[in-house]
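Here is the structure we will look at, set down as structure tokens.
The values are calculated or read from the model by the stated rules, or taken from the named source; none is laboratory data. Since we're looking at a predicted model, the values are computed, not measured. So basically every Cβ, Gly included, is an ideal-geometry build from the backbone, and we count neighbours across all protein chains shown. SASA here: full protein model, heavy atoms, side chains in, ligands and nucleic acids out. Shrake-Rupley method; radii C 1.70, N 1.55, O 1.52, S 1.80 Å.
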Amino acid sequence: MARFFRSDAFSAIGLLAPSLAGFALFYLIPFGQSVLTSFQDRLGGSFTLSNYKELLLSSSFQKAASNTFSFTAVSVPILVAISLLLALLLNQRVFIRNWLRTAYVLPLVVPVASIVLVWQILFDWNGALNAVLQQFGLDRQDWMKSNWAGFVIVLVYVWKNIGYNVILFLAGLQNIPDQYYEIANLEGASSARKLFGITLTYLTPTTFLVVLMSVLNSFKVFRETYLVAGAYPHDSIYMMQHYMNNMFLSLDIQKVSSAAVLMALCIMVLVFVLFRTERMFRSYME
């Protein structure tokens with residue numbers, strides 16, 4: 001016992017204890033309570049599966065789940081592709097490279113409320129974009145109350161998260177040994193061959209990390225959507241968080257808990273699939 005108290009493991013546990021206590025108090029225990037509540041007909045009631053049955057048959061839930069899945073499926077590939085292209089560009093010796101790197105990082109440090117204010121000014125009925133359209137003789141668009149609302153949210157999501165992904169890709173690019181490119185040049189490899197055979201291959205671990213972070217961040221777009229379009233936005237941008245927020249306001253705790261459990265389960269399955277895929281690629285590279 002005395003040896004354990006003097007070991008590095010005990011020191012590590014002591015240093016992690018405050019964080020672990022906070023995680024358990026504010027995340028783990030409430031989520032466990034939500035799981036328990038989702039299987040009850042009322043708070044402290046008997047066991048039932050009717051909450052999940054009603055949830056899956058709810059048209060509002062189906063719409064929210066479909067929109068959330070569609071948003072993630074569309075926005076994440078766009079974000080990853082643009083981030084990779086910008087990182088490849090910024091990794092070269094281009095003009096004002098340092099200024100461009102700073103510009104892409106700025107959205108990470110700007111408060112969400114300030115970001116949303118800018119987008120409101122831009123896409124409002126009396127906003128800057130409609131003013132430009134009128135100058136060219138085009139009709140105004142009610143961007144946030146039409147099918148264009150999904151495009152606006154994807155644009156906000158990409159702009160907000162692109163800087164973090166660019167930083168990750170730049171770190172991955174700078175970790176690729178220069179000797180690989182020198183050997184490829186000696187063998188007369190083309191630019192496309194070096195891109196797909198060296199750059200993208202050795203960026204595989206970084207790419208999976210970027211995809212994972214982008215997927216998780218896509219579930220956080222509710223803040224921007226809520227501030228721009230309110231609690232009841234256009235049908236195309238009615239997300240899972242909108243559904244849970246509205247159920248919470250109506251004090252339907254069972255449905256909120258059931259929706260949260262299903263959402264967490266889907267995220268866990270998606271993360272598991274990504275990690276398994278990454279492991280397969282790593283074994284292939286080795």
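Looking only at region 134-169, which residues have a backbone nitrogen under 17 Å from a spot 7 Å from the Cα of Ser236 in the C-beta direction? Answer for this model: 139-158. Applying 0.36 nm per residue to the separation of Ser46 and Arg93 and subtracting their alpha-carbon distance, the gain on full extension is 10.3 nm.
Here region 221-267 and region 150-173 have alpha carbon centers that stand 23 Å from each other.
With just the Cα atoms defining each centre, how far is region 108-138 from region 45-87? Give it in Å. So the separation of the two Cα centres works out to 27 Å. Computed from the C-beta positions of Leu212 and Asp252, the FRET efficiency with R₀ = 41 Å rounds to 0.80. The mean accessible area for residues of region 107-174, using a 1.4 Å probe and ignoring ligands and nucleic acids, is 55 Å² per residue.
Here is what passes the span test in the chain: the DSSP H helices with alpha carbon length of 15 Å or more along the helix axis and a Kyte-Doolittle mean of 1.0 or above are 8-23, 59-90, 112-123, 148-174, 204-218, 253-285. With the highest mean first, a sort of the peptides 164-175, 265-276 on other beta-carbon atoms found within 10 angstrom per residue produces 164-175, 265-276. Here each label is just a point 7 Å from Cα along the line to Cβ, and for Gln33 and Ala73 those points are 3.6 nm apart. Each label was represented as a point 7 Å from its Cα along the Cα-to-Cβ direction; for Arg276 and Val109 these points are 4.2 nm apart. Applying a threshold of 24 Å to the alpha-carbon distances of Lys63/Lys145; Lys160/Lys255; Lys160/Lys194; Lys53/Lys145 flags Lys160/Lys255; Lys160/Lys194; Lys53/Lys145 as lying beyond it. From its DSSP helices (H runs of at least four residues, each -39,500 (n - 2.57)), the chain gives a residue-normalised ellipticity at 222 nm of -23500 deg cm²/dmol.
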